[in-house]
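The values are calculated or read from the model by the stated rules, or taken from the named source; none is laboratory data. Only a predicted model underlies this, so the values are computations on that prediction, with no experimental measurement involved. Here the Cβ positions follow ideal geometry from the backbone for every residue, glycine too, while neighbour counts run over all protein chains shown. The protein model used for the area step is the full one, side chains on, heavy atoms only, and it has no ligands, DNA or RNA in it. Shrake-Rupley method; radii C 1.70, N 1.55, O 1.52, S 1.80 Å.
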Amino acid sequence: MIKIHAVRSGILNISSCAIKPGVCGITGPNGSGKTTFLKLLAGIFPPGTGTIHIDGKNPADCVIGWVGEYPDRNILFTRVFDELASHLRFSKKNCTDIEKIVCVCARNLGISHLLDRAVHGLSGGELVLIACGAAMIAQPDLLILDETDSHLDDEFCSHLDNIIQKSGIRYVLFSSHRPEHLAHTDKIITLENGEMQDHTSSQNTGNQGGHCHLNDPGFWKTVIAETSGRDTL
Ligand SMILES: Nc1ncnc2c1ncn2[C@@H]1O[C@H](COP(=O)(O)OP(=O)(O)OP(=O)(O)O)[C@@H](O)[C@H]1O
């Protein structure tokens, strides 16, 4: 369980929040604190006050995978193979194992044909897959995707979701402005001015008691179903 207690940091003011293993979507208006929230969970900086624990550990003691909105800004190597292999090389795995693991990872992602390509010149979607692969190959406790879906079409987005779901990563948190993407999560957290709106403690159980509808993935599914086929929302 991810447990957040009495956290105040920058714009964020969160009294209490628990996130079970699974996929959790973070949404809210621009500037509401989504990236700040994700950075705290990644242990990029500690909260000013309060505590964050991931299965009882501080975020800084966990393996975190981070994929940002512009993954090319975080890519370190020129060749796709080298980018995917980077974590394994830094962990001093032997060359044969690295080759095998990278090939399996690339096959699962559907990017085997890109392994010898230069990162420069790849499409935005291809770069996202490579950044996700490089993050997932480290077998993180928590994978974070910060508005990574903003440049992906629906088909690409669901391809990525399938890969992430099959990866077996214990916690996946992503921020998004896209209702159709948020509809496929186990839990949704909505931030506004740094505070959680209608936060529900129920997860994987849908909307309970007629409240917290914004945080209920079922709500987004209903919105999509009700609005599909219309010209405007
Ligand atoms: N290092 C910082 N120093 C000062 N203020 C910051 C810092 N980082 C973020 N902020 C401010 O905190 C607020 C929340 O920013 P954050 O990036 O977390 O929002 P967001 O919900 O991810 O926004 P968006 O959807 O536009 O990406 C903003 O007003 C931002 O200017």
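Here is how the numbers come out for the structure above:
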| read-out | value |
| --- | --- |
| Residues in segment 123-142 reached by a label modelled at ASP72 [backbone nitrogen below 20 Å; 7 Å Cα→Cβ] | 123-135 |
| Residue pairs, from the table LYS166/LYS187; LYS20/LYS57; LYS100/LYS187; LYS57/LYS187; LYS20/LYS100; LYS3/LYS34, whose Cα atoms sit over 25 Å apart | LYS100/LYS187; LYS20/LYS100 |
| Label-point gap, in nm, between HIS159 and PHE90 - each point 7 angstrom along Cα→Cβ | 2.7 |
| Exposure ranking of LYS187, LYS92, LYS3, LYS20 by accessible area [1.4 Å probe, largest first] | LYS92, LYS3, LYS20, LYS187 |
| Kirkwood Rh in Å, taken over segment 2-227 so that all alpha-carbon pairs contribute | 18.2 |
| Segment HIS120-THR51, length gained on full extension (0.36 nm per residue, minus Cα span) | 20.8 nm |
| Rg/Rh for segment 51-185, where both radii come from Cα atoms and Rh is the Kirkwood radius | 0.96 |
| Derived scalar couplings ³J(HN,Hα) [segment 9-23; Karplus, 6.51 cos²θ - 1.76 cosθ + 1.60; whole Hz; x for Gly, Pro] | 7, x, 6, 6, 9, 10, 6, 7, 7, 10, 10, 6, x, x, 10 |
| Nearest-0.05 FRET efficiency for HIS151 and HIS184, computed from C-beta distance (R0 22 Å) | 0.75 |
| Accessible surface ranking that places the most exposed of MET196, MET1 first, with a 1.4 angstrom probe | MET1, MET196 |
